[in-house]
Amino acid sequence: MAVVLTGGTGFVGSRLCAELLRRTDGPVVCLVRAEDAAQAERRMRSALAGVDEGAAASPRLRVVPADLSADRLGLGEDTFQALAEEAEAVYHSGASVHLAASYERVAPVNLGGTRHVIRFCTTGTPKHLHHVSTLGVFLAARDAGLERVVESTMPTLRTCGPFGYLRTKVEAEQAVAAAVTDHNVAATVYRPGLVLADSRDGAAPTNDFTTCVLAAAIVTGCYPTALGELPASTVDHTAQAIAALSLSPGTAGQVFHIMRPEPLPMRELFERARENGYPLREVSAQEWRDTLHAHRTNPWARAAHALEICTYTLGLTPECRPPEVGGDASTLAADQTGVQVPATGTAYYRRLLERLVRKHGESLPGVA
């Protein structure tokens, strides 16, 4: 029997695909946005090549062009039905991740795509749905009166704040919960925290939140007083934990918070950059915004200035600090699978920063 994966070309999805190929024996079928089969194949294997050469060359990897926002996932009727009979599990990590985008822009993929995946799960052979959400659904939980959230806490449109992307992720979780109740779908939800660069080589996408704010700090020479602490883990640990937990018995109906045991103080991002030789000074939140605006011709400063979500993720005011996130049950379950949490000390940030400069030095004046 096959497993189906959405979002396999993404930051988490590509590493999750590699883990599934390593931990399972059957076909791993990746649904990839593309105009045709050849383009889909190229996109998927190219994404894997930067993660795991063996996975990229695996004969068990199958790639199918698809569209999460379309009926039947953009598949022809025959292909949809045949794959629905073959698959025994679906890993839904596909999403449009644009932290500054409007709800209307990302909902067709994030919410509509989840609904199409649920329909796929209720067609043909019964399937276990492994739904990848985000702990960002609780980013503004303090506004809803919640100082602490745990696996059993239900996200709402109040807990996620006024952010289109996070609203779609709340509604997608609600759609999954409805599928469990109304259609008896076996489902497990995984909520990763802030996904950090790969512990092995510092790899992170250009639109990554931590990459953006670190680069903006380097460009401006300053960073804001950050009061927030976020659940976080590296992308490789995130993928390993999801894959290992998904293959453990008895996970249907559970929710897992995917994070390292201790939260990440957001000021650590900037302090680690200082440890690695960047002369950054700490300023007030308003001075940081003003400095970003003054450097608006630089793409990193302009992007950071546009991210209103920084108020909550960095905790720029006491009122907008993220809540405390509990995940003891998730941590215990992950420990039982043997997944190790990578170290994220000075050497880790050195790899992250060195890679940032190698890839984007031309947009980081003075450090290229």
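The values are calculated or read from the model by the stated rules, or taken from the named source; none is laboratory data. Quick caveat: nothing in here was measured; it's all calculated off a predicted structure. Cβ atoms come from the backbone with ideal geometry, glycine included; neighbour counts cover every protein chain shown. Keep in mind that these areas ignore ligands, DNA and RNA; they rest on the heavy atoms of the full protein, side chains included. Shrake-Rupley method; radii C 1.70, N 1.55, O 1.52, S 1.80 Å.
Listed values, structure above:
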| quantity | calculated |
| --- | --- |
| Where a label projected 7 Å from the Cα of ARG62 along Cα→Cβ would reach, residues of segment 1-28 with amide N under 13 Å | 1-5, 26-28 |
| Separation of the ASP290 and GLU308 label points, Cα + 7 Å toward Cβ, nm | 2.3 nm |
| Highest average packing first - 267-274, 185-192, Cβ atoms within 10 Å | 185-192, 267-274 |
| Histogram of C-alpha separations across segment 229-306, 5 Å bin width, % | 3, 12, 13, 16, 16, 11, 10, 8, 6, 4, 1 |
| The chain: most fluctuating residue of THR159, THR251, THR114 per GNM, C-alpha cutoff 10 Å | THR251 |
| Mean Cβ neighbour count within 10 Å, used as a protection proxy, ranking 53-59, 354-360 highest first | 354-360, 53-59 |
| Beta bridge orientation in the chain: antiparallel %, DSSP, nearest 5 | 5 percent |
| Cα gyration tensor, the chain - rounded (a/c under 1.5), prolate or oblate | prolate |
| Crossing angle, helix 11-23 versus the chain [Cα axis fit, 0-90 degrees, rounded to tens] | 50 degrees |
| Principal-axis tilt of helix 285-294 within the chain, Cα atoms, nearest 10 degrees | 90 degrees |
| Given charges at beta-carbon only (K, R positive; D, E negative), |dipole| of the chain in Debye | 600 debye |
| Degrees between helix 164-183 axis and first principal axis of the chain (Cα, 0 to 90, nearest 10) | 30 degrees |
| Relative contact order of the chain, pairs being alpha-carbon contacts under 8 Å that are 6 or more residues apart, as % | 17 percent |
| Cα gyration tensor shape of segment 1-122, rounded if a/c is under 1.5, else prolate or oblate by comparing a/b with b/c | oblate |
| Which of TYR349, VAL339, HIS257, positive extreme of dipole for segment 221-368 (C-beta unit charges) | TYR349 |
| Accessible carbon and sulfur surface of segment 1-150 relative to its total accessible area, %, 1.4 Å | 48 percent |
| Whole-Å distance, taken between Cα centres, linking segment 59-80 and segment 319-336 | 35 Å |
| Euclidean distance between Cα centres, segment 207-252 to segment 257-316, Å | 14 Å |
| At R0 = 30 Å, FRET efficiency that the Cβ-Cβ distance of ALA70 and VAL150 yields, to 0.05 | 0.25 |
| Positive dipole terminus of segment 1-98, leading residue within LEU75, LEU48, VAL3 (C-beta point charges) | LEU48 |
| Gyration tensor (Cα) of segment 64-160, equivalent ellipsoid semi-axes in angstrom | 30, 16, 9 |
| Electrostatic dipole magnitude of segment 215-368 [Cβ: Lys, Arg +1; Asp, Glu -1; Cα centre; debye, to 20] | 580 debye |
